[in-house]
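For reference, the structure is listed below as structure tokens.
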Amino acid sequence: MKVLVWLIPILPAVAVLLNGLLGRRVLRDKAHYLGVGSVGLALLCALIVILRVIVDPQHPIEAKLYPWIFAGSFSVDMGLMVDSLSAVMLFVVCGVGFLVHVYSVGYMHGDPSYPRFFTYLNLFMTSMLVLVLADNYLLMFVGWEGVGLCSYLLIGFWYERRSASDAGKKAFIVNRIGDAGFILAMALIFWTTGSLAYHDVFAAAGDHKITTGIATAITLLLFIGAMGKSAQIPLYVWLPDAMEGPTPVSALIHAATMVTAGVYMVVRSQALYLLAPVSMDVVAGVGAFTALFAASIALVQTDIKRVLAYSTVSQLGYMFLGCGVGAFTSGLFHVMTHAFFKGLLFLGAGSVIHAMHEEQDMRRMGGLRRHIRGTYDTMLLATIAIAGIPPFAGFWSKDEILASAIKGGHVLWWVLGLCAAFMTSFYMFRLIFMTFRGEERFDPEQVHPHESPPSMLQPLRILAVLSVIGGVIVGIPPENGLFHKFVAHAFHHHGEHAAHTFHFWPDVPLMLLSTVIALGGLYLAYLFYIQDPERPKRLAEKFAFAYETLLNKYYIDEFYDAYIVRPVKWSTGALWSVDARVVDGVVNGFGAFTRLYANWSGIVDRWVVDGAVNGVGAVIQSGSRAFRLIQTGVVQNYLLVMALGLFVFATIYLIVI
Amino acid sequence: MEYILAHADYLLPHPDGVTPLLTFIIFLPLLGALATLVIPKTELRLMKAVAVFCTVVTFLLSLVALSNFDGSTHKMQLAEYHSWIPSIGVAYFLGVDGLSILLVLLTTLLSILVVVCSFNAIHGMQKAYYSCLLFLETGMLGVFLALDFFLFYIFWEIMLVPMYFLIGIWGHGRKLYSAIKFFLYTLFGSVFMLLGILALYSFNSTGDYGTGELTFNIIELINNVRVPTEPIFVGLSSQDLIFLALFLGFAIKVPMFPFHTWLPDAHTDAPTAGSVVLAGVLLKMGTYGFVRFSLPLLPTASHNMVGFMATLAIIGILYGALVAMAQRDMKRLIAYSSVSHMGFLMLGIFALNPEGVTGGVIQMINHGISTGALFLLVGIIYERRYTREIAAFSGLATTVPIFAVFFAITMFSSIGLPGLNGFVGEFLILVGMFKTNVAYATLAVLGIILGAAYMLWLYQRTMFGEATTPENQTMKDMNFREIGYMLPLVILMFWIGLYPRPYLNLMRPTVDHYVTQMQERHAAERYDPQRATRQASHDDEADADVPAEDR
């Protein structure tokens, strides 16, 4: 079993290596054999592992390989673990991952970089699987950064486009801001509990070895990481831009799996969050606001993928709202159902874009139902699911979250969530109506919409089935269905609160309310986009300011650009001149001073020091010139001098005596 | 000689007692350098063959040293001792421990790569060039293996000479300016370092603070000399002053902010091989100095200076990263990124706990690998285009896909992507520093965001987009020789990232020993009996007028 667990991430990794080495020259348009095949095998292994966990959920599978990083008291293993929580994620990642791989065979067919695409996509699978299977925070972080890397590579897949490479870079850097929080959280966890392994950390949390203050700090730091990866306010800005990537990537990475990593991490760390009420409130608040905020932007976007992107941000907000009000499992439930219907919506959007020859603007679509019926049917099912109309999958998970919010007394979050739910239903049906219904707004001469090949449609159909029944099978009764019972095994040892039981009051009225709100959104969309398509335009003119603000996404990107990006860029230039002029200036100044000093000493040396030496010489020379006059060589002169000298000395002698 | 080798408890017995393995490792390249000099100017192939042969054999010898290395102890191994100038206690004393073994391996490996990468890059005076490279290798290995301060200082200084010529003769741009700046700046620091060494030497020679012996033996000094911690000059103790003297020597070499400005010039103007060696090995001599000398010899000063050192390190991290972002020349950008990374490294060392120091030491290796690889890659571009101006490139990912992959892996290793080598060190450093000071760790973490920003931006500007100019459309991809010398580094990046265990195991006993020794010393010095008595007498004076029975 241990080997099987390790095989799951390693299989795609082997494909990465082979595809990377052989893809460009040997495999070319057969690269998907390796790409899809390896993921298929990984899915098989995963299913066996999941089955084992379902049979015996009390005992997680542990698969340690070797001590990875250690120093002093620090030690972290290279180890994987599958409990019921990882099993759910494993199912979602491998399942949706496999479908997206199959879909990509058709979607990416003919792209010159076909092998490169599968190399990146498999690398993503490996990273994501490491993320969900890791048995400690540090290894989770490896997957965490790994998926970020793949996201960077895949967003910028068509790197010739400036916007694509910009978006990739933005995604990576914004995520890094979150990662900084994650790293600090890990340091704090380690110094508090002496370990980074889930088992030890949660045991310490269960024994109340972590004070509320420390727990709050840890969980808030972790949440900064989650905000980056799962695109929450204020770090959500990268996700809409990420739509520059190929559509299968948007489906897999930016809807179904990677962006839910933050939710997974919060759910995983619930033992810590439960110790920190403040953090719970922050998580719920950020989630609720993000849900509403992103949904409001989605109302007016016209790019089909951008609508879905903001919708994803909004749905992720719901998941955090669920976690924040203590309904961690409901949040996770929404991760799963969302993976089904949002994956489907993106893949469907891909099919639409494919049919429309790379057109993404819904204003130039319309009436596509006639041309691509298969895509329309599946997308409609997914839309009903996300709108929260029973008995489709989205209803069960979203309703649980909202019900938990109101039952926990978080009225404000509940109201925000309801508003967002209304908007969700509206913008999703708006998308369906603008794309598939009404008159055809494209040029039939230029565009001939055609249905996608079976390799693309089959995954849509499978996801459609899951979007319909995925909630009802495991989600009834709400908050106490099979899903909840299964996931609870991962947390039984540190006292998940008592299982909720389903009561007629207030659960049924709440469900009815949710349904009414969802149908209300649907009806409004019908009024606006089917009954009288001119109505939105009039409304936009009437409320021009609000419309402009929404259309420009509240000018958040402009705000960041003006107050963060530009000051940083400016400071780089400024610091560089400081470096060249001041810091290096001192050094060069020192050098120049030394040279100047050397020149001066040269002058002093020549005129003073050497001058003194030469001066002495000159004095001696001139002196000796004078003395030379005495040396006449004539004996009489010498005798005369001697006689004179004798006379002088004798005189002095006589006088002194 | 026999006495030291047999009786010093800080030495592990030499495996066979005779083979001077470390001497071979150090001086084989020098021999090669001399051999190259006598080869006729026209025999280029022979010259290159000799250079490759010498570096490869040196590398193999260092692997032999590794296989004879006992990773379970902190003691010095494979030691060689010969008295040299007995009157002042100078000896030819070599040895290797967990701190130096990896640096030696890194040096011998990089030396092969820089010889191979120079085959087509160097056109004039090839004889002198290869001879300089080999001479340089001897100097670097000597620094890491010398256990005698005097010998250490000789290697430390002698190594400047070949580097000076490498930059000055085979460099580009303002090469003379850069070469002289490099030489004088480093020399300036070295002089202070020498003062520090002599101060330690003389403290040891007095009976009060050491054994009273005259010796430059580094291990003896570490074990015996106790530099006083009482303030003697503007509040600084003798320890602090010696620390600052050594600091100048090492910090200029590292380089730490604000002593870093020689580095961008030297890096940019040096030939590729020079930049690789400079980044890969020379900078590590500074950090090695801090770990080997400053921490164990001056434990209290090291503790006192944590704030000072961490502040400079953090300024270096953030400032280096920001200035890197503004660069237009690839090499200069990487040079400033080095300033940032070396700040990280220093931060780890001055966490003063095993986690941080281990992170710092493994990061020395990682930085050598990643930054070395980056300079090699820029060298590959430069050989084809004779420019390193970032603006001159675009869309290279399409034209030179293999190069783009190597560049990407190296970039991610440099910015510390988990799973690659840089992360292991960076994370340990942050964990270590977090314990020492949360604020410093938090500030340093900002550096990893900026690090991603400038590298990804560089990558975007050069590799992405469309290849617009004819030069960019027709550039040749890496050939087998180039792939050959990049591959070992890339393998190491993955190896250290995923399975750093052998590396961490090698250094663990040594790092633990150094840190524990330092902590114990520091604790002892804080409560040193001399000071305690003086404190007591001071108290007596203060209490003099209090009646005796009240005390």
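Quick notes on this structure:
- Convex hull volume of chain B per residue (C-alpha atoms, cubic angstrom): 154
- Residue mean of other protein chain beta carbons inside 10 Å, A:179-187: 6
- Residues in the range A:362-367 carry Karplus couplings, in order, of 5, 5, 10, 10, x, x Hz; the curve used is 6.51 cos²θ - 1.76 cosθ + 1.60 with θ = phi - 60°, and Gly or Pro positions show x.
- Candidates per trypsin sites (Lys or Arg not before Pro) in the range B:12-110, loop by DSSP, up to 12 other Cβ within 10 Å: B:41
- Residues of type lysines that residue A:64 reaches as a straight line, Cα spacing below 18 Å, ignoring anything fewer than 8 places off in the same chain: A:2
- A simple spin-label model places the labels of residue A:555 and residue A:111 3.7 nm from each other, with each point 7 Å out along Cα-to-Cβ.
- Exposure proxy ranking, count of Cβ atoms within 10 Å, fewest first, for A:361, A:579, A:399: A:361, A:579, A:399
- Between the range B:426-505 and the range B:358-391, the Cα center-to-center distance that results, in Å: 9
- Normalising the average separation of contacting C-alpha pairs (under 8 angstrom, six or more residues apart) by the number of residues puts the relative contact order of chain A at 11 percent.
- Candidates per chymotrypsin sites (Phe, Trp or Tyr not before Pro) in the range B:258-298, loop by DSSP, up to 13 other Cβ within 10 Å: none
- Förster-model FRET efficiency, 41 Å R0, residue B:308 and residue B:385, C-beta, rounded to 0.05: 0.40
- Computing FRET efficiency as 1/(1 + (r/R0)^6) for residue B:52 and residue A:14, where r is the C-beta to C-beta distance and R0 is 25 Å, gives about 0.15.
- In terms of the mean number of neighbouring beta-carbon atoms within 10 Å, the peptides B:62-74, B:88-100 order highest first as B:88-100, B:62-74.
- 18 Å Cα-Cα reach of residue A:169 towards aspartates and glutamates, excluding residues that sit fewer than 8 places from it in its own chain: A:145, A:160, A:179, A:241, A:244, A:557, A:558, A:561, B:466
- A simple packing score, the average count of other Cβ atoms within 10 Å per residue, orders the peptides B:101-114, A:594-607 as B:101-114, A:594-607, with the highest score first.
- Cβ crowding within 10 Å averaged over residues, with A:250-256, A:20-26, B:127-133 ranked highest first: A:250-256, B:127-133, A:20-26
- Each Lys or Arg adds one and each Asp or Glu takes one away; over the other residues whose Cβ falls under 9 Å from the Cβ of residue B:378, this sums to +2.
- Ranked A:114, B:201, B:319, criterion: other C-beta atoms within 10 Å, fewest first: B:201, A:114, B:319
- In this simple spin-label approximation, residue A:162 and residue A:592 carry label points 7 Å from Cα along the Cα→Cβ vector, and these lie 4.0 nm apart.
- Hits among lysines - C-alpha to C-alpha of residue B:48 under 20 Å, sequence gap 8 or more where chains match: B:127
- The range B:461-512: trypsin sites (Lys or Arg not before Pro) in DSSP coil with no more than 14 other Cβ atoms inside 10 Å: B:476
- Whole-angstrom gap from the range A:279-344 to the range A:452-466, using each part's C-alpha centre: 24
- Among the residues of A:109-116, the average count of other protein chain beta-carbon atoms within 10 Å of the residue beta-carbon is 1.
- Burial ordering of A:377, B:265, fewest other beta-carbon atoms within 10 Å first: A:377, B:265
- Counting only other chain Cβ atoms within 10 Å of each residue's Cβ, the peptide B:392-399 averages 2.
- C-alpha center-to-center spacing [the range A:114-130, the range A:51-93] in angstrom: 21
- Segment residue B:176-residue B:476, extension gain: residue separation times 0.36 nm, minus the distance between their alpha carbons: 104.9 nm
- Label separation (residue A:638 vs residue A:208): 12.3 nm, computed from points 7 Å beyond Cα along the C-beta direction.
- Each other residue within a Cβ distance under 13 Å of residue B:364 adds +1 if Lys or Arg and -1 if Asp or Glu, for a net charge of +2.
- Scanning chain B for GluC sites (Glu not before Pro) that sit in a DSSP loop and have at most 15 other Cβ atoms within 10 Å, the longest stretch containing none of them is B:214-465.
- Rounded to the nearest 0.05, the FRET efficiency derived from the C-beta distance between residue B:315 and residue B:120 at R0 = 51 Å is 0.80.
- Surrounding net charge for residue A:418, when Lys and Arg each add one and Asp and Glu each subtract one, Cβ distance under 12 Å: 0
- With at most 10 other Cβ atoms within 10 Å, longest stretch of chain A clear of loop GluC sites (Glu not before Pro) (DSSP): A:1-357
- For chain B, DSSP calls about 85 percent of its internal beta bridges antiparallel.
- Its DSSP H runs of at least 4 residues, each contributing -39,500 (n - 2.57), put the calculated 222 nm mean residue ellipticity of the protein assembly as shown at -23000 deg cm²/dmol, to the nearest 500.
- Sequence-separation-based contact order of the range B:305-524, relative, with Cα cut under 8 Å and 6+ spacing, percent: 27
The numbers here are math on the coordinates, done by the rules we state, and not lab data. Since this is a predicted model, take the numbers as computed values, not measurements. A quick note on method: Cβ atoms are made from the backbone with ideal geometry, for glycine too, and the neighbour counts reach across all protein chains shown.
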